[in-house]
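The values are calculated or read from the model by the stated rules, or taken from the named source; none is laboratory data. If you're wondering where the values come from, they're calculated on a predicted model, not measured in any experiment. Cβ atoms come from the backbone with ideal geometry, glycine included; neighbour counts cover every protein chain shown. Side chains are part of the model used for accessible areas, which takes the heavy atoms of the whole protein and leaves out ligands, DNA and RNA. Shrake-Rupley method; radii C 1.70, N 1.55, O 1.52, S 1.80 Å.
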Amino acid sequence: MRYFANAILALSFFASAGHCAETTPPIEIKAVVVAMFEIGEDEGDKAGEFQLWKKNQNLSTRYALPHGHHDIFVNEDTGVMGIVTGMGIARASAAIMALGLDPRFDLTHAYWLVAGIAGMDPADGTIGSAVWTDYVVDGDLAHQIDAREIPSDWKTGYFPLFTHSPYANAASVNPEKAPNGEVYILNASLRDWAYNLTKDTALPNTPAMDKLRATYTGYPKALAAPTIMTGSHLSASTFWHGALLNDWANDWVEYWTQNKGNFVTSGMEDSATLQALTYLDNAKLVDKNRVLILRTASNFTMQPAGLTAAKNLELESSGEGYAALQSAVEAAYAVGSVVIEEITTNWDTVKTDIPVKQ
């Protein structure tokens, strides 16, 4: 009975939405801000990825989204929308597809800004930094043999689908033709425009962050102050951690990008978001060339000297762990809002012409 009740509820929602679409023109959306999680409430408590956007962008009009993880909020004066997908591949793909098919909104010219926290490879940068993404590589599509059973000459037991050993057939990989969503290439011109626009934005820092990064001796970039940069993102539902898996992440990104990408940040949802947007682009409902991904580092992807991966993950997940979480949340807004402001202010131009670096 519950199944039929839910089915009737879903059908009635789409019927009412379709009826509204017939009588009311869809709302033109200029920019969609995509967050993945909120810690508690949408306002008034400790901020997750969405709260600062809702407050500071005045996303005050609520649209129910029963077929997604979280209701949608819109500033109908500026045309800015905020969505929280929920954590992980499954929720992200479902939420973005639900939004893209929603007849209440016109998303054909909308810019998409995925703005969320991430892990940071200490070889490339430090906590609190903001990274504009060039490639998103999926880390879930793979074969796996337990490391205790792999051949002695294998570096890892985790290897690409349709191969028989780690990183086989590397010469035949084509990042521009990844049939199963193994890698996505973002619009380089738009990314460079966003980077150039925001590269001098001040980023928050705290004594607790300084204390944590000081433990990463031997990693000069990890010891430095937060900065705005570009790099590649590894998207996988498993929250992995440690030096050996960090090596795997670098090798995996190099493999799928033909050595054109460099693993810098890790997260969970972006390959799913891009897959959904690719399908919606095929249907002419969105423009996948208008997608930006901004990931800000809340933690390192591996342990410092003197700690095991297990112990470091335990420390990150308890007590004063994730020393850069709030700074990363604030950085995502500080940097990302510059881009959103530029888009909405210059909508008459950027609606038809995607901006490029000046």
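A compact table of results
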| read-out | value |
| --- | --- |
| Which numbered condition Val253 misses (of (1) in contact (Cβ under 8 Å) with a residue 12 or more places away in the chain; (2) farther than 26 Å from Ile185 by Cβ) | (2) |
| Looking only at region 310-322, and only at residues there that are among the hydroxyl-bearing types (Ser, Thr, Tyr) and within 20 Å of Glu38 (Cβ to Cβ), the one that is least open to solvent (accessible area, probe 1.4 Å) | Tyr322 |
| In region 105-150, the residues that are part of a loop (DSSP other than H, G, I, E, B) and within 17 Å of Thr238 (Cβ to Cβ) | Asp121, Gly139, Asp140, Leu141, Ala142, Ile145, Asp146 |
| Qualifying residue in region 108-119 (condition: open to solvent by 30 Å² or more (accessible area, probe 1.4 Å) and more than 22 Å from Phe37 (Cβ to Cβ)) | yes |
| Residue list for region 28-55, filter: out of contact with any Phe, Trp or Tyr (no Cβ under 8 Å at 6 or more places or on another chain), on the phi < 0 side of the Ramachandran plot and not charged (D, E, K, R) | Met36, Ile39, Gly40, Ala47, Gln51 |
| Some residue of region 332-342 being aromatic (Phe, Trp, Tyr), on the phi < 0 side of the Ramachandran plot and open to solvent by less than 50 Å² (accessible area, probe 1.4 Å) | yes |
| Any hit, region 302-313, residues being small (Gly, Ala, Ser), in contact with a Ser or Thr (Cβ under 8 Å, 6 or more places away or on another chain) and more than 22 Å from Val183 (Cβ to Cβ) | yes |
| Exclusive hit being more than 25 Å from Asp121 (Cα to Cα), open to solvent by 10 Å² or more (accessible area, probe 1.4 Å) and among the aliphatic types (A, V, I, L, M), set Leu325, Leu307, Leu285, Leu277 | Leu285 |
| Any hit, region 65-84, residues being among the hydroxyl-bearing types (Ser, Thr, Tyr) and over 15 Å from Ala110 (Cα atoms) | no |
| Failed item in (1) in contact (Cβ under 8 Å) with a residue 40 or more places away in the chain; (2) in a loop (DSSP other than H, G, I, E, B), with Asn259 passing the rest | (1) |
| So Ala194, is it under 21 Å from Ala334 (Cβ atoms), open to solvent by less than 40 Å² (accessible area, probe 1.4 Å) and touching a helix residue (DSSP H, G or I) at 6+ places or on another chain (Cβ under 7 Å) | yes |
| Qualifying residue in region 54-76 (condition: among the polar types (S, T, N, Q), over 22 Å from Leu190 (Cβ atoms) and touching a residue at least 40 places away in the same chain (Cβ under 8 Å)) | yes |
| Candidate set: region 45-59, residues that are open to solvent by 80 Å² or more (accessible area, probe 1.4 Å) and part of a loop (DSSP other than H, G, I, E, B); chosen: the one modelled with the highest pLDDT | Asn58 |
| Filtered residue count, region 198-219, keeping only those that are in a loop (DSSP other than H, G, I, E, B) and open to solvent by less than 40 Å² (accessible area, probe 1.4 Å) | 4 |
| Members of region 153-188 found to be open to solvent by 60 Å² or more (accessible area, probe 1.4 Å) and either more than 23 Å from the chain's Cα centre (by Cα) or closer than 22 Å to Thr230 by Cα (or both), listed by number | Asp153, Lys155, Phe162, His164, Asn169, Ala171, Ser172, Asn174, Glu176, Ile185 |
| Scan of region 220-270 for residues that are of a type in the set (Gly, Ala, Ser) and either crowded, with 23+ Cβ neighbours inside 10 Å or farther than 20 Å from Ser327 by Cα (or both), ordered by number | Ala222, Ser232, Ser235, Ala236, Ser237, Gly242, Ala243, Ala249, Gly261, Ser266, Gly267 |
| Conditions (1) open to solvent by less than 30 Å² (accessible area, probe 1.4 Å); (2) closer than 19 Å to Ala208 by Cα: number failed by Leu294 | (2) |
| Residues that are part of a loop (DSSP other than H, G, I, E, B), within 18 Å of Ile340 (Cα to Cα) and open to solvent by less than 10 Å² (accessible area, probe 1.4 Å), drawn from region 61-104 | Gly79 |
| Condition met for Ala130 (free of Cβ contacts under 8 Å to residues at least 40 places away in the same chain and farther than 16 Å from Val291 by Cβ) | no |
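A quick yes/no check of all residues on (1) aromatic (Phe, Trp, Tyr); (2) over 16 Å from Pro26 (Cβ atoms):
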| position | (1), (2) |
| --- | --- |
| Gln57 | no, yes |
| Tyr63 | yes, no |
| Pro66 | no, yes |
| Val74 | no, no |
| Thr78 | no, yes |
| Gly82 | no, yes |
| Gly86 | no, yes |
| Ala90 | no, yes |
| Ala94 | no, yes |
